[in-house]
Amino acid sequence: MTFRDRTEAGRALGDALAPVLAPPFVVGAIPRGGVTVALPLVERCRAPLALVYAGKLTAPAAPEFAFGALDADGQAYIDAPSVALLGLAPEDVDRVKGQVSEEIQRRMAAYGAPPLGAHLPGPGVVLVDDGLATGLTMRVALAYARRHGARDVTVAVPCASAPAAREFEGAADRFVSLVVDPEFRAVGQYYLDFSPVPDDEVRAMLARAATLAAA
């Protein structure tokens, strides 16, 4: 399955999710691509949209290879075998964590939206991204939602690698992926248009979600 763009993928994901989600719940989107996927679900279900501020940890020598991820609380998941493979010293890991933390803070200031934790504890959470390759960012997002008291957590994506799907089928209360591919290579291969999502589009989508919530 190939999606025209993230919006089409979000609509298809909403079709799969709407019949099984029990209110109240909050849609937690991982910026930036995850926000575009999440908005059609928010529009359909009139659920609040929150941002899950998290980012991959990558080494400068291998920017496409993540060795972990960090959330807005500063909590990290570090994959030790990947760190060893990259030959990273503890100070290298700390330096990257600091850089990702700065980017998370920049996004929080740029978007002006409180993190998912501001909606918790209480409701269920639907965590949304545009796809899962390693699933490292979603792993810290799931831990964040649990730590802040989500009633239950659904992980929902348009596409996922087979290893990531197996992980979240066990770790989440519900896992939904429209495509699970044992030959998964990259999230972008499942989209005809996988253009980067700029900050101003994220702000516009947040404004749209806020308008729906107030209606």
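Computed values, structure above
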quantity	calculated
Boolean, residue 39 is touching a Gly at 6+ places or on another chain (Cβ under 7 Å), more than 13 Å from residue 155 (Cα to Cα) and either open to solvent by 20 Å² or more (accessible area, probe 1.4 Å) or in contact (Cβ under 8 Å) with a residue 24 or more places away in the chain (or both)	yes
Only listed residue being in a helix (DSSP H, G or I), open to solvent by 60 Å² or more (accessible area, probe 1.4 Å) and of a type in the set (A, V, I, L, M), chosen from 12, 16, 84	84
Cross-chain or 6+ apart pairs with Cβ under 8 Å, segment 164-175 first and farther than 17 Å from residue 187 by Cβ, then among the acidic types (Asp, Glu)	173/152; 174/152
Residues that are of a type in the set (Gly, Ala, Ser) and more than 19 Å from residue 82 (Cβ to Cβ), drawn from segment 125-159	131, 145, 149, 150, 156
Residues of segment 108-138 that turn out to be in contact with a helix residue (DSSP H, G or I) (Cβ under 9 Å, 6 or more places away or on another chain) and open to solvent by 40 Å² or more (accessible area, probe 1.4 Å), as a count	4
Meets criteria (within 21 Å of residue 209 (Cα to Cα) and either assigned to a helix (DSSP H, G or I) or under 15 Å from the mean Cα position of the chain (by Cα) (or both)) for residue 126	yes
Answer residue from segment 56-71, given it is small (Gly, Ala, Ser) and either modelled with pLDDT of 95 or more or over 25 Å from residue 111 (Cα atoms) (or both) and is most open to solvent (accessible area, probe 1.4 Å) among those	61
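The values are calculated or read from the model by the stated rules, or taken from the named source; none is laboratory data. No experiment lies behind these values; they were computed from the predicted model shown. Positions of Cβ are generated from backbone atoms using ideal geometry, with glycine treated the same way; all protein chains shown enter the neighbour counts. Please note that ligands, DNA and RNA were not included when accessible areas were found on the heavy atoms of the full protein model with its side chains. Shrake-Rupley method; radii C 1.70, N 1.55, O 1.52, S 1.80 Å.
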